[in-house]
Every structure is written in C-alpha cells, then in structure tokens.
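Student: Encoded as structure tokens, here's the structure I'll be asking about.
Just so it is clear, none of the values below were taken in a lab; they were calculated from the coordinates. Since the model is a prediction, treat every value here as computed from it, not as a measurement. Heads up, the Cβs are rebuilt from the backbone with ideal geometry, glycines too, and the neighbour counts pull from every protein chain shown.
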Amino acid sequence: MTTWRVHFIGVGKMGLPMATHIRDAGHAVTVSDLDPARIALAAARGLAVGGGDDLVDAEVVMSSLPHDQALLSVGLSVAASLKPGSVYVDTSTVSQRASADVAQACARAGVDYLRTTVSGNNHMAEAAQLTVMASGPRAVHERLLPLLRYWGPNHFYLGEGEQARLMKLVVNLLIAQTSAMLAEGLTLGRKGGLDWADMWAVLGASAVASPILKAKSVQLSQRDFTPTFTVTQMNKDLDLILAEAAACEAPVPQTASTRQLMAAAQAQGDGEQDYAAIIRAVERSAGLAP
C-alpha cells in the first residue's frame, strides 16, 4: 500500500471523520483549523495538529470548508505553498466560479486539483458511508481513489472541470425540495387531524420512502430537530443553487419557493435547527403550534 503524507484543513463535523479515516488506514495525517475547539476535538482523537511546514511538505492537501470565501482564501494559499506535482483535494460545497479561480491558481503553480464533493451527513461521514463525486484530472483521481475510498463505498468521476461542484448542488436541490414536500404534506395531515407518528409510519412504508426520508424518519417522528445540517447552511446552498440556475438560464421556481420557506424558518428563530425545521415554518403558517 502506498503511504501518503496528508494535511487536512478544516476538521468540522465532516472534515474530522474524513481525516480520521485516512489516519486510521495508516497514512501520515496532520490537521489544521481556525477553531480551537475543533483542534481540541481532533487532538482528542489522536490526530496530529500541523502548521505551515506540514502544509508545504504534504503530498496531498485536503480541505472541508464552509463557503466560497473560505475556499478562495485556503485554496489560493495552498496553491502558493505546495510543491509542483502535489495534489489539492477539496470537498466543500461551493460555487463553480470560486472553484474555477482556485483551479487557475493551482494550474499556474503546477499543483493538481481535485474537486471531491460528498453527499451525506456527519453520521454517514463517521460511518464511512459518504458518496463521493469527483472531477478534475482523471489520472490524478485514479491515483488518489484508494484514499478517497476511506470515506464511503460510492464513487463517481464526472469530468475534468467543475462537474462535481454542480452535481453536489443538484443533489442538495433535491434534498431541500424533499424537506419542502414533507413540510406541506405533514402540515396538511396534521391540520386535518392525522396523528404525527402515524404519518411517519405510513410514509416510511409507502412509495415515497426515499433513503433520505427513511434516514430522517426516526428523529422527525419524535419531532427532534437536532441538526445534522442547519437551516442556515441549507440557505447558503440554496443561494448557490439559485445563482448557478440563473447563470445556466435554468428555471427553478420550486427551489425559489423553498428558499423563501427556509428564510421564514430562519427568521422565526430556527436557523440553527435541522433544515427539516422548514416543517415548523409551514405549520406556523397554517396556524399550528410547532
């Protein structure tokens, strides 16, 4: 087995388990994060906390970042720091535009750049059950695939450019729309007198029982909105989706409506609840106590 020197930037809820899986497989992993609390959690797992020298010496730098601005800041710094022939792998949900800017900087520096977006929540990351969508140089993807497989069983190579970024937004569009669909259906049922737990039992055994509905059913059947992905985070992704749709001239009227419902959930104080709290926003609009 080839052993890699990996530096992982951003050990949040997704980045920490992804870095841990690579370390547990026998690779030399260092990590960094701006949040001291996340660094403390990484250290508690036995991950080595690294600095600038670890970044420069890494063969592969990986990152999991919250938004475009973070990717531009980190990505441009990585491109300027790495040796030619090194690889930068970013997993963030960001715009194609920001990612393309980083790609240009990496190309000028002779650094290979892989976009490896992931689908799944933090629990799936911990269980190494993520789906990985990759784009960038095919030969580099094939060379790093043994590393990427530590994150989950499903891998898709989509092209040489920004395809992984757009595919992640397509996936999240459908996730957001599923939550909006549930919000309307469950509110209708509850308003008409159906029992909340009964509705979840029927939905889980029905033709609409998608994997995401089943994944949410245990928690939501108990009206538990503890976040795996917050309303605020989903609003960020919906803004990215709407911007990409405008650039492509692709009409997404239902997504625009869902963004407004998510805005209502945030305005009503549910911004840091799970994005499924869109259900509570629709319930309030129907005069129901959430």
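Student: Run the numbers on the stretch 113-214 and let me know its relative contact order in percent, using alpha-carbon pairs under 8 Å that are six or more apart.
Tutor: This gives 22 percent for the stretch 113-214.
Student: Right, something else. So for the pair residue 143, residue 80, with labels modelled 7 Å out along Cα→Cβ, what separation do we get in nm?
Tutor: 2.5 nm
Student: Using the beta-carbon distance between residue 195 and residue 2 and R0 = 35 Å, what value does 1/(1 + (r/R0)^6) give for FRET efficiency, to the nearest 0.05?
Tutor: On the way: r = 56 Å, r/R0 = 1.59.
Taking R0 as 35 Å, the efficiency between residue 195 and residue 2 is 0.05.
Student: Quantify how much of the Cα-Cα distance distribution of the stretch 166-285 extends past 19 Å, in percent.
Tutor: Considering the stretch 166-285, 45 percent of its Cα-Cα pairs are separated by more than 19 Å.
Student: Ok, one more. I'd like to compare 19-26, 110-117: which one has the highest average count of other Cβ atoms within 10 Å, and what's the full order after that?
Tutor: 110-117, 19-26
Student: Related question: Anyone know which of 118, 74, 31 comes out most mobile in the 10 Å Cα GNM of the chain?
Tutor: Comparing 118, 74, 31 in the GNM, the peak value goes to 74.
Student: Calculate, in nm to one decimal, what residue 208 and residue 184 gain on full extension: separation in residues at 0.36 nm each, minus their alpha carbon distance.
Tutor: That works out to 7.2 nm of additional length.
Student: Report the gain in length on full extension from residue 154 to residue 289: 0.36 nm times residue separation, minus Cα-Cα distance, nm rounded to one decimal.
Tutor: Details: separation 135, 0.36 × 135 = 48.60 nm, distance 4.05 nm.
Using 0.36 nm per residue and subtracting the Cα-Cα distance, I get 44.5 nm.
Student: Turning to a different aspect of this structure: Just to confirm the filter: which trypsin sites (Lys or Arg not before Pro) across the stretch 211-290 are DSSP coil and have at most 16 other Cβ within 10 angstrom of their Cβ?
Tutor: In loop regions of the stretch 211-290 (DSSP not H, G, I, E or B), the sparsely surrounded trypsin sites (Lys or Arg not before Pro) are 223.
Student: Among all stretches of the chain without exposed GluC sites (Glu not before Pro) (DSSP loop, at most 13 other Cβ atoms within 10 Å), which one is longest?
Tutor: In the chain, the maximal stretch lacking such sites is 1-159.
Student: Here's something else I'd like to know. Report which label in [x] 6, 20, 25, 24, 17, 7, 2, 0, 0; [y] 6, 27, 32, 21, 11, 3, 0; [z] 6, 30, 38, 21, 4, 0 holds the value of P(r) over Cα pairs in 10 Å bins from 0, in percent derived from the coordinates of this structure.
Tutor: [y]
Student: When the chain is fully extended, how far beyond the present Cα-Cα distance does residue 73 get from residue 48, taking 0.36 nm per residue of separation?
Tutor: 6.7 nm
Student: Work out the FRET efficiency for residue 267 and residue 24 from their Cβ-Cβ distance, taking R0 = 35 Å, and round it to the nearest 0.05.
Tutor: Details: r = 42 Å, r/R0 = 1.20.
Given R0 = 35 Å and the Cβ-Cβ separation, E is 0.25.
Student: Quick one: which residues, 5 or more positions from residue 49 or on another chain, have an amide H under 5 Å from its amide H? H modelled 1.01 Å from N in the peptide plane, none for Pro or chain starts.
Tutor: Here the answer is 31, since their amide H atoms fall under 5 Å of that of residue 49.
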